[in-house]
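Here is the structure we will look at.
The values are calculated or read from the model by the stated rules, or taken from the named source; none is laboratory data. Because the structure is a prediction, the values reported are computed rather than measured. Cβ placement follows ideal geometry from the backbone for every residue including glycine, while neighbour counts extend to all protein chains displayed.
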Amino acid sequence: MAFEGLMKGWQILDWLGKRPAGYRVAMLSSDNSYCMADIHERSFFRPWSAEEFEHMLSGREVVADGLFINHGKQLGGFVMSRIAADEGEILTIALDPSVRNKGLSSLLLKEHLHVLQQRCVNKVFLEVDENNVAALALYRAVGFRENGRRSGYYHGAAGRTTSAVMMTIDL
Ligand SMILES: CC(C)(COP(=O)(O)OP(=O)(O)OC[C@H]1O[C@@H](n2cnc3c(N)ncnc32)[C@H](O)[C@@H]1OP(=O)(O)O)[C@@H](O)C(=O)NCCC(=O)NCCS
């Protein structure tokens, strides 16, 4: 449709007043490593360092997209995947706690899947902790389907283990 051709999906949602305005999704590079590590630290029990992000993003097979807030001035979250031939794996997704529960994660993930599609990826995999209610709801809402479990995969505090839910989506 001509109208849709002029406006991206999130711009239409902004225009309709369905999402908070003043954000955008853009590709990230190793220049963003410190901000990514900062958000990761506030999101995971075992965070990845800026050096780890820098190393991963130095490879052509790793692609990351960021959600910029405050009129594009500040990184509010990101998603990062590894591509192998026509398959992708979501390595991590995290939103700063202040940005959560606004429905912005599905916007970020959908745009990222679109980027993967443009890189000729046609199937995407991920693993998620069975107790991560928000992440499971996000992945299901975007269209991922469960295709297996790995028991005792995640090791949390006090030696507690939980299973990984394996999910996939065809693009
Ligand atoms: C996972 C994460 C990115 C989701 O972002 P979010 O802003 O919290 O989620 P959203 O507000 O976009 O909501 C996504 C869905 O989860 C649901 N949801 C969010 N929090 C929930 C909760 N505590 N309980 C149940 N459902 C929840 C929302 O209702 C929404 O579902 P819908 O689309 O059917 O309405 C975010 O919580 C996060 O960064 N968590 C820490 C890092 C992490 O766990 N990453 C995933 C690793 S696999």
Filter segment 124-160 down to the residues that are without any contact (Cβ under 8 Å) to a residue 40 or more places away in the chain, more than 8 Å from the ligand (Cβ to nearest atom) and assigned to a strand (DSSP E or B) and list them by number. Arg145, Glu146, Asn147, Gly148, Arg149, Arg150, Ser151, Gly152, Tyr153, Tyr154, His155
Return yes or no: is His114 surrounded by fewer than 16 Cβ atoms within 10 Å (Cβ to Cβ), within 13 Å of the chain's Cα centre (by Cα) and free of Cβ contacts under 8 Å to residues at least 24 places away in the same chain? yes
Residues of segment 89-99 being at pLDDT 95 or above and under 20 Å from Asn70 (Cα atoms), in sequence order, are Ile93, Ala94, Leu95, Asp96, Pro97
Hey, can you tell me all the residues within segment 45-73 that are surrounded by fewer than 14 Cβ atoms within 10 Å (Cβ to Cβ) and farther than 30 Å from Arg160 by Cβ? Ser58, Gly59, Arg60, Glu61, Asn70, His71, Gly72, Lys73
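Out of all the residues in segment 70-90, which are of a type outside the set (Asp, Glu) and farther than 17 Å from Ala37 by Cα?
First, pick out the residues of segment 70-90 that are of a type outside the set (Asp, Glu): 70-85, 88, 90.
Scanning segment 70-90 gives Asn70, His71, Gly72, Lys73, Arg82, Ile83, Ala84, Ala85, Gly88.
So which residues in segment 82-123 are more than 12 Å from the ligand (Cβ to nearest atom) and within 21 Å of Arg46 (Cα to Cα)?
As a first pass, look at segment 82-123 and keep what is more than 12 Å from the ligand (Cβ to nearest atom): 82-88, 111, 113-123.
Residue satisfying the conditions is Arg82 alone.
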